[in-house]
Amino acid sequence: MQKHRTGDLKLIQELNRSIILNMIREHGPISRSEIAKRNHLSPSTVASAVSELIQEGLASEIGQGTSSGGRRPIMVQFSPDNHFLIGISVYNRGLDIAEINLQAEIRRSRRLTAEDHFQGEKVTALLLDSIGDFIKECTNMEKCIGISIIVPGIIDSRHGIVHYNAKLKLEHIRLKEMVESRFGIKTWVENDMNAIVLAEKIIGNFSQYHNLIYISVGSGVGAGVILNDAVLRGSRGGAGEFGHTTVNNTGAPCECGNRGCIENYISWPATRSRIGALVAGGTRSVLYERVPAGVSELTPDEFYRAVEEGDPLAVTILEENVSYMGTGIVNLVNLFNPDIIIIGGEAVNTLLLARLTDYIRRHALGFSTEGLQIYPGSLGENAELIGAASVLLQDYFRFSLSVQQEG
């Protein structure tokens, strides 16, 4: 019985510490008495936890605050730079790796682009070698709180298993186990879209929303969904495979085994391929003149510039993409009734967003579009690495999405 009580006491202490750390992180500089008052904790509990956090370098005293009567209180603030995490984003052509502080701010990063046929064992080999090389450059690994890896595909985040990724040819890879056994550092593994929608909620500009859908269009197409302040993962981590929803059941075969997947129409490689086929077939376009090296070198910026100039081929392709993508998003709106849809990725710009917004409002159920907000992502060019950081930080700080939103 005594052992059970001791365990309960330890759990309570850890929960109180987590509450106090989050209060300092979100509302600091703040006094110990204010922390106690806001959370209905005893002054001694707060004093003990704050002392521990200062010792560990997670918080620091910054001087006296304003008195409301009596002695002026000593103010405490969060210290995000005394510890760090290693965040990694695996994508179809390589990976990004970064040292990130506890505010999800990137201190240093590196991009490793792989050779052709970046698949299977080449993916895990590059990942493990990159972590090893990166760690060698860290002079204070005792301050590292963990490694967080995000990967596109079907991910069992609880056990850190990459169950399936068609492009990377990954199946049932026990990634968490591989990294932890090699480096002895606690590791998190999550789907990339789940990580980014989580980051938009807890780090980005959208904490006030409870139901969010993040959609990315780039080298692939994916989605991350938060419903009622919880990331929707599905029974085995397969939720959010927006790129493999069907928009044409007689369309071209997809690498997933299905036909007519939306990714085969609106991803940037698919868009570029359609442009190339039309140009090869004799369709005139300024794009042909601007990319003498061939359409394979065409960038999204060049494509959208041609749309702005009214190039018929570019405008036609954009309208087709809006139709395909809009159809898919309308289905998501009618299924999930989100507060907000966030759209990001290299193949997205304001032209596409404006047309998509109009399409969705015309075709989705009227009730579901009342109050619906559609925005670009707020995390910038490092969205994936910030997403990786958010996965670890959410667990480390032990805050729920709803608690973060209310804070």
(message) Quick check: from the Cα gyration tensor, does segment 269-407 come out rounded (a/c under 1.5), prolate or oblate?
(response) oblate
(request) Take the Cα atoms of segment 138-192, build their convex hull, and give its volume per residue in Å³. (result) 84
(request) Take the chain, connect every pair of alpha-carbon atoms lying under 10 Å apart with a spring to form a Gaussian network, then pick out the residue of 349, 249, 228 with the largest mean-square fluctuation. (result) 249
(message) Would any residue of segment 17-53 have its amide N under 17 Å from a label point 7 Å out along Cα→Cβ of residue 143? List them or say none.
(response) 53
(message) Could you tell me the center-to-center distance, by alpha carbons, between segment 253-317 and segment 212-236 in angstrom?
(response) 26
(request) Pull out a ≥ b ≥ c, the square roots of the eigenvalues of the alpha-carbon gyration tensor of segment 74-180, then state rounded if a/c is under 1.5, prolate if not and a/b is larger than b/c, and oblate in the remaining case. (result) prolate
(message) Suppose we keep just the DSSP beta bridges with both residues in the chain; what percent of those would be antiparallel, to 5?
(response) 65
(request) Can you tell me the FRET efficiency between residue 302 and residue 111 if r is taken as the Cβ-Cβ distance and R0 is 22 Å, rounded to the nearest 0.05? (result) 0.50
(message) Taking a ≥ b ≥ c as the square roots of the Cα gyration tensor eigenvalues, with a/c under 1.5 meaning rounded and otherwise prolate when a/b beats b/c, else oblate, which class fits segment 160-232?
(response) oblate
(request) Quick one: angle between helix 383-397 and the longest Cα principal axis of the chain, in degrees between 0 and 90, rounded to 10, please. (result) 30
(message) Could you give me D for segment 19-66, from Stokes-Einstein at 4 °C and 1.567 mPa s, where the hydrodynamic radius is the Kirkwood radius over C-alpha pairs? Units µm² s⁻¹, please.
(response) 121
(request) Could you tell me how many degrees, from 0 to 90 and to the nearest 10, lie between the Cα long axis of helix 43-55 and the main elongation axis, the longest principal axis, of the Cα atoms of the chain? (result) 60
(request) Quick one: pull the percent of accessible area on segment 157-203 belonging to carbon and sulfur, 1.4 Å probe, ligands and nucleic acids left out. (result) 50
(request) Please report how far the C-alpha centroid of segment 324-380 lies from that of segment 76-135, rounded to the nearest whole angstrom. (result) 31
(message) Could you derive backbone 3J(HN,Hα) for segment 78-91 from the dihedral phi with the Karplus parameters 6.51, -1.76 and 1.60 (θ = phi - 60°), listing whole Hz in sequence and x where the residue is Gly or Pro?
(response) 6, 10, x, 9, 7, 10, 8, 10, 9, x, 9, 10, 8, 9
(message) With θ taken as phi - 60° and the coefficients 6.51, -1.76 and 1.60, list the Karplus ³J(HN,Hα) couplings across segment 13-22 in order, rounded to whole Hz; mark glycine and proline as x.
(response) 4, 5, 5, 4, 4, 4, 4, 5, 4, 5
(message) Please compute the modelled spin-label separation between residue 334 and residue 375, points set 7 Å along Cα→Cβ, answer in nm with one decimal.
(response) 2.7
(message) Please check: in the Gaussian network model of the chain (C-alpha springs, under 10 Å), which one of 209, 359, 288 has the largest mean-square fluctuation.
(response) 288
(request) Report the accessible area of residue 341, computed with a 1.4 Å probe over the heavy atoms of all protein chains in place, in Å² rounded to the nearest 10. (result) 0
(request) Round to the nearest 10 and give me the degree value, 0 to 90, for the angle of helix 192-202's Cα axis relative to the longest principal axis of the chain. (result) 50
(request) For segment 253-268, take each phi angle, set θ = phi - 60°, evaluate the Karplus expression 6.51 cos²θ - 1.76 cosθ + 1.60, and give the result in whole Hz per residue in order, putting x for glycine and proline. (result) x, 9, 5, 7, x, 8, 10, x, 5, 4, 4, 6, 10, 10, 4, 5
(message) I'd like the trypsin sites (Lys or Arg not before Pro) in segment 293-362 restricted to DSSP loop residues with at most 12 other Cβ atoms within 10 Å, sorted by number.
(response) none
(message) Going through the cross-link list 122/143; 136/186; 136/176, which pairs have a Cα-Cα distance over 28 Å in this structure?
(response) 122/143
(request) Along Cα→Cβ, 7 Å out, is where each label goes; now give me the distance between the ones at residue 159 and residue 27 in nm to one decimal. (result) 4.1
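Using a Förster radius of 35 Å, what is the FRET efficiency between residue 185 and residue 289 based on their Cβ-Cβ separation? Nearest 0.05, please.
0.10
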(message) Need the full-extension length gain, residue 67 to residue 81, defined as separation in residues times 0.36 nm minus the C-alpha distance. One decimal, nm.
(response) 2.1 nm
(request) Report, to the nearest whole %, how much of the accessible area of segment 276-393 belongs to carbon and sulfur atoms, 1.4 Å probe, protein only. (result) 50
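The values are calculated or read from the model by the stated rules, or taken from the named source; none is laboratory data. Here the structure is a predicted model, which is why all the values come from computation and not from measurement. Positions of Cβ are backbone-derived with ideal geometry, glycine not excepted, and every protein chain shown enters the neighbour counts. The accessibility values were calculated without ligands, DNA or RNA, using every heavy atom of the protein model including side chains. Shrake-Rupley method; radii C 1.70, N 1.55, O 1.52, S 1.80 Å.
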